[in-house]
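Worksheet for the structure shown next.
The values are calculated or read from the model by the stated rules, or taken from the named source; none is laboratory data. For clarity, every value in this text was computed on a predicted model and none was experimentally measured. Cβ coordinates were reconstructed from backbone atoms using ideal geometry, including for glycine residues, and neighbour counts include every protein chain displayed.
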């Protein structure tokens, strides 16, 4: 029998899941619509059909556990708590799945799952201290510190997207002001573009952007041909990002920040100016020591691999017995 | 034979040390002047005389280890690195003391030592996630996260005093702008008073303060009799502190912030308005969940006890053998 773990990455729009062996090989990757307006049970039923189908047709595979990454996931309680964009309320996903499949089920939030994917199967294999930054609609972060994910008292630690970089800054959907993700994410870039348009309402490039469905690649292409407005977007974003990363660096002293997710595809267009900004905001003892890296994992894989690693790389019982 | 650990807290002006048993009982506490203008070897020699004297006169005591807390201490290398206020350069204190006394010697920075004192012998016994804040000339912090001190990649993590709360704020001695300790510490309070005096040069109370040797108790007494200028000092300090703590809370999700050191003697004069400010800067999922506490350990004891705990509570070899 081939031992496999089911890694699931629940997103606001789509859910991706795959069968993963211990080396991180993905045997089969599938995607379903999350459909967050329906009750969570319907989602579980639809997912279950796919899982049952796979297991029936792959009788040589032994399911030894399920790892789940999801927004607003509580690692300690196993409950997904009022996730944004999903009308689910609280879902005890660990109990539901473990009762259905009689196996070990573990849950972590989506950015932590991505960080674990990077730790076990990506750029961070040799690192004990790094911070994963996922750039999409918002800014997520998974903090891997002193050799493990930092959860804090209530599993809600590590929300770098809600670090305030300006107490009088932009109003965030969380109710606070100046949150980093209001400057560095699709949401944040839109706000920056709006402010730029307020100053230059006739800017041709800025007016050509579809604000309902902002296309990062279009901005990247404009940067590459030297469009000043496009360059200014990244200048603003990278300055705020560099300042925010510096604060995290002062607190965590990491080896690296690793970028993942749609907007991280900008690569050095974003990372190069961010490096310059970060260095300018660091204390001398940290200058020149922190890498900014772009994840090499395929889009969608980091979360699944990290979720699966919750099972493959969980600590042995001995460690629990001696209180660690 | 009675097993004892020597706990040493090296400060910029004075060094306090004591013989500590496993329960945290202090058998004898002594103090010497650090004299940071002299070479470090002279300091070690003077300290050694006191240690030798004690051991000679207490032949029933067996020295099983030495724990040291010091500014700019690197826990991993055992070296004190260019401490401010001490013209020592780099001092390999762990090698020096272990070669002299043939026992286990461990080093951590002063604020981490205070945090460990609180963990093993103070208010944080039941906590796995808390942040110790030491308020003196500057603002030090020891971050205890997920059940252990957070060191980061180079042992320099957890510098909450250098979290920037304003990229255009007050210039810090570290070269950065807006560092929290430039608002919340003796240094910071002096800056606040200077700014208030710029606006109100004739303020009687502010003019009565000795800026070369600022007396916190005098400000506290003025607060207690309702002096508006004194109240405004704490209003400003607590607002900045609350904002800074909120950023740390968003990243670490701690049970508590515990305050220690000279200026923490202000107690609720500082903590009450800081609670109000902190709550206003927290996301909903953290509101009402984080305690602000004043350490109950006697002045000077937290660092010594925490330094001693480096020996008493070091992880057993088994843990190291299995890679933890």
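Computed values, structure above
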item: Where residue B:81 falls short, out of the listed (1) surrounded by fewer than 24 Cβ atoms within 10 Å (Cβ to Cβ); (2) under 25 Å from residue B:237 (Cβ atoms); (3) in contact with a strand residue (DSSP E or B) (Cβ under 9 Å, 6 or more places away or on another chain); (4) within 14 Å of another protein chain (Cβ to nearest Cβ); result: (2)
item: Exclusive hit being within 22 Å of residue A:120 (Cβ to Cβ) and touching a residue at least 24 places away in the same chain (Cβ under 8 Å), set A:47, A:6, A:86; result: A:6
item: Subset of segment A:39-60 [farther than 20 Å from residue A:306 by Cβ and either assigned by TED's automatic domain parsing to the domain that holds residue A:142 or crowded, with 18+ Cβ neighbours inside 10 Å (or both)]; result: A:40, A:43, A:54
item: Which listed residue is surrounded by fewer than 19 Cβ atoms within 10 Å (Cβ to Cβ), modelled with pLDDT of 95 or more and within 11 Å of chain B (Cβ to nearest Cβ), from A:190, A:177; result: A:177
item: Segment A:150-171, residues that are within 9 Å of another protein chain (Cβ to nearest Cβ), at negative phi and over 13 Å from the mean Cα position of the chain (by Cα); result: A:150, A:151, A:153, A:154, A:156, A:157, A:162, A:163, A:164, A:165, A:166, A:167
item: So residue B:221, is it surrounded by fewer than 19 Cβ atoms within 10 Å (Cβ to Cβ) and not assigned by TED's automatic domain parsing to the domain that holds residue B:9; result: yes
item: Considering residues of segment A:134-147 that are within 14 Å of another protein chain (Cβ to nearest Cβ) and in contact with a helix residue (DSSP H, G or I) (Cβ under 7 Å, 6 or more places away or on another chain) only, the residue modelled with the lowest pLDDT; result: A:138
item: Residues of segment A:259-281 classified as within 14 Å of chain B (Cβ to nearest Cβ) and in contact with a strand residue (DSSP E or B) (Cβ under 9 Å, 6 or more places away or on another chain), total; result: 2
item: Any chance residue A:111 is within 14 Å of chain B (Cβ to nearest Cβ), part of a helix (DSSP H, G or I) and under 22 Å from residue A:25 (Cα atoms); result: yes
item: Failed criterion for residue A:319 (all others in (1) modelled with pLDDT of 95 or more; (2) within 14 Å of chain B (Cβ to nearest Cβ); (3) out of contact with any helix residue (DSSP H, G or I) (no Cβ under 7 Å at 6 or more places or on another chain) hold); result: (1)
item: Residue match in segment B:252-260 (condition: assigned to a helix (DSSP H, G or I) and either surrounded by fewer than 23 Cβ atoms within 10 Å (Cβ to Cβ) or modelled with pLDDT under 95 (or both)); result: no
item: Residue check for residue B:286: modelled with pLDDT under 95 and farther than 29 Å from residue B:11 by Cα; result: yes
